[in-house]
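The structure under discussion appears below in the form of structure tokens.
The values are calculated or read from the model by the stated rules, or taken from the named source; none is laboratory data. Everything quoted here is computed from the prediction, not taken from an experiment. Using ideal geometry, Cβ is built from the backbone for each residue, glycine included, and neighbour counts are taken over all protein chains shown. These accessible areas exclude ligands, DNA and RNA; they are computed on the full protein's heavy atoms, side chains included. Shrake-Rupley method; radii C 1.70, N 1.55, O 1.52, S 1.80 Å.
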Amino acid sequence: WNTYGVSGVGDYRIFSREKRLPANFPYNANTFTGFGGVLLVMGLDAATASYAPLAFDAACPVERRADITLTIDPSTLDAVCPSCGSHYNVLNGAGGPSSGEALSQKLGLTTYKCRQNANGGYTITSY
């Protein structure tokens, strides 16, 4: 977790086994990264009202293509689709749309669970 995790509010990483992101991450046969990859962000968990790692699928739900990966706008810390331009609020834990086609279609990001391990790291799962 110290190497690949997120620690400060707004820190983020994108994991994609297919795209080999991060380049030196030790992917194995049991490692999966969602439909379009995993966007890991340190933000406010709405369920606990505390800061924690939050995970979302990195594919835009408007585009529905695994090869179109969200990016982070450094000025707003929103996740942004480079194709349709939709913005998603990932810092408050919801991943809901804040502008663009995703807002008009009411399409939010797929969320994953971040479960803390005994060693201080986290496991990201879809259940």
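Quantify, in whole percent, the carbon and sulfur part of the accessible surface of the chain (1.4 Å probe; protein heavy atoms only).
51
Would you kindly calculate the mean projected area, averaged across all directions, of the convex hull enclosing the Cα atoms of the range 32-127, in square nanometres?
With the hull built on Cα positions only, its mean projection is 6.4 nm².
Please compute the per residue accessible area over the chain with all protein chains in place, 1.4 Å probe, rounded to a whole number of Å².
Heavy-atom SASA per residue in the chain reads 55 Å².
What size of dipole, in debye to the nearest 20, comes out for the range 37-127 about its Cα centre when the only charges are +1 on Lys and Arg C-beta atoms and -1 on Asp and Glu C-beta atoms?
260
Need the full-extension length gain, R115 to N24, defined as separation in residues times 0.36 nm minus the C-alpha distance. One decimal, nm.
Working it through step by step, the gained length comes to 30.5 nm.
For the range 78-127, what Kirkwood radius comes out of the mean inverse Cα-Cα distance, in Å?
One decimal place: 12.1 Å for the Kirkwood radius.
Given the -39500 (n - 2.57) contribution per DSSP H run of 4+ residues, what per-residue ellipticity at 222 nm results for the chain, rounded to the nearest 500 deg cm²/dmol?
Result for the chain: -1000 deg cm²/dmol, rounded to the nearest 500.
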